[in-house]
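The values are calculated or read from the model by the stated rules, or taken from the named source; none is laboratory data. Quick caveat, the model's predicted, so the values are computed rather than measured. Heads up, the Cβs are rebuilt from the backbone with ideal geometry, glycines too, and the neighbour counts pull from every protein chain shown.
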Amino acid sequence: MSKILSADEVEHFRKEGYLSPVRVISTERAAETRRRLEEFERSTGGPLSGDFRHKSQLLFTWVNDLIREERIVDAIEDLYGENLLCWTSSFFIKEPGDPSFVSWHQDSTYWGLSSSDVVTAWLALSESNKANGALEVIPGTHLKEQLPHRETYAKDNLLSRGQEIAVEVEPGSSIVLELEPGEMSLHHVRLVHGSAPNRSKTQRRIGLAIRYIPTYVRQIWGKDSATLVRGVDTFRTFEHEPRPAYDMDPECVAYHKNQHEKSTQRSEKVAANAAS
């Protein structure tokens, strides 16, 4: 029996590759989480940037709490069963008037995972709407195989390699997934998606993308790390991650740095293999 998703919602995800919106935390909890993020940003003199935006569950206790949030993990269990890992988390933040965008792409391009049984929970910590660059998806594209991508390294692309699908997107085929703070969308690893710049003059767009995998999924290149968030991991193909005792716990900061370096090397290998 499903925990929070109805049979129709599960079927919609299977058929269309996404589900939205799903209320998972209160607006008050979202506001408090945003406050803690922005408090850290003020202490460092600027918006969260660089490596700190990725695998953030290793750096901040409040992110580590979010990846384990019961309603989020319940929804993932409804899709992929009870034995679950959080592989990573990434902040996608766009400032008012920021030209940054995310090109049309599939998440699976350079991840190097053994299976497409991967889902992203995109949690809104601010309003996410068409004006400030909400996530857009092209329904049903997850049913295609891995599509060819080209690397643009475009200056304002939030993706590390500026990767974009090397095929034309039919105008009007996308759907904007507008969210209120505390709501999430779910999308499949092969679903084509992207987002436009934040054209708002006053609104930050703050989203936390949490990537979940069943424990049977493995990393093809090397051994990555992940956090067990539910059930048991009998496969042990991922190194289990430590939980920070407090924000910026030195041991976890060092672990985070090491994992980021390994991840960069791994993505280069995957990209080289895809190009060969």
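Table for the structure above
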| item | result |
| --- | --- |
| Filter pass, Pro181 being closer than 24 Å to Asp74 by Cα, surrounded by fewer than 21 Cβ atoms within 10 Å (Cβ to Cβ) and either at pLDDT below 80 or not acidic (Asp, Glu) (or both) | yes |
| Gly97 vs. criteria free of Cβ contacts under 8 Å to residues at least 60 places away in the same chain and among the small types (Gly, Ala, Ser) | no |
| Residue count, region 85-112 (criterion: over 13 Å from Ser195 (Cα atoms) and at pLDDT 90 or above) | 10 |
| Scope region 208-266; condition among the basic types (Lys, Arg) and more than 17 Å from the chain's Cα centre (by Cα); matching residues | Arg218, Lys223, Arg230, Arg236, Arg243, Lys257, Lys262, Arg266 |
| Given (1) touching a His at 6+ places or on another chain (Cβ under 8 Å); (2) modelled with pLDDT under 95, index of the condition Asp224 fails | (1) |
| Residue within region 150-160 that is among the basic types (Lys, Arg) and touching a residue at least 40 places away in the same chain (Cβ under 8 Å) present | no |
| Unmet requirement for Ser49, which otherwise passes all of (1) in contact (Cβ under 8 Å) with a residue 60 or more places away in the chain; (2) out of contact with any Gly (no Cβ under 9 Å at 6 or more places or on another chain); (3) farther than 23 Å from Pro242 by Cβ | (1) |
| Residues that are on the phi > 0 side of the Ramachandran plot and modelled with pLDDT of 65 or more, drawn from region 149-169 | Tyr153 |
| Residues that are farther than 18 Å from Val253 by Cβ and not in a helix (DSSP H, G or I), drawn from region 47-75 | Pro47, Arg68, Glu69 |
| Residue check for Gly207: closer than 18 Å to Glu69 by Cα and either in a strand (DSSP E or B) or β-branched (Val, Ile, Thr) (or both) | yes |
| Qualifying positions in region 76-118 - of a type in the set (Asp, Glu) and either buried (at least 19 other Cβ atoms within 10 Å of the Cβ) or in a strand (DSSP E or B) (or both) | Glu77, Asp78, Asp98, Asp107 |
| Contacts under 6 angstrom Cβ, first residue in region 209-236 being closer than 14 Å to Val118 by Cα, partner assigned to a strand (DSSP E or B) and not hydrophobic (A, V, I, L, M, F, W, C), 6 or more apart | Ala209/Ser90; Ala209/Thr120; Ile210/Ser89; Arg211/Thr88; Arg211/Thr120 |
| Tally of residues being in a loop (DSSP other than H, G, I, E, B) and either closer than 22 Å to His142 by Cβ or small (Gly, Ala, Ser) (or both) across region 1-41 | 7 |
| Cβ-Cβ under 7 Å pairs, at least 6 apart or on other chains, region 245-259 side touching a residue at least 12 places away in the same chain (Cβ under 8 Å), far side part of a helix (DSSP H, G or I) and surrounded by 15 or more Cβ atoms within 10 Å (Cβ to Cβ) | Tyr246/Thr61; Asp247/Thr61; Cys252/Leu58; Tyr255/Leu58; His256/Leu58 |
| Residue that is small (Gly, Ala, Ser) and touching a residue at least 60 places away in the same chain (Cβ under 8 Å), where the choices are Ser6, Ser56 | Ser56 |
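Residue-wise test of (1) on the phi < 0 side of the Ramachandran plot; (2) in contact with a Cys (Cβ under 9 Å, 6 or more places away or on another chain).
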| position | (1), (2) |
| --- | --- |
| Ile25 | yes, no |
| Glu32 | yes, no |
| Gly45 | no, no |
| Arg53 | yes, no |
| Thr61 | yes, no |
| Arg68 | yes, yes |
| Ala75 | yes, no |
| Tyr80 | yes, no |
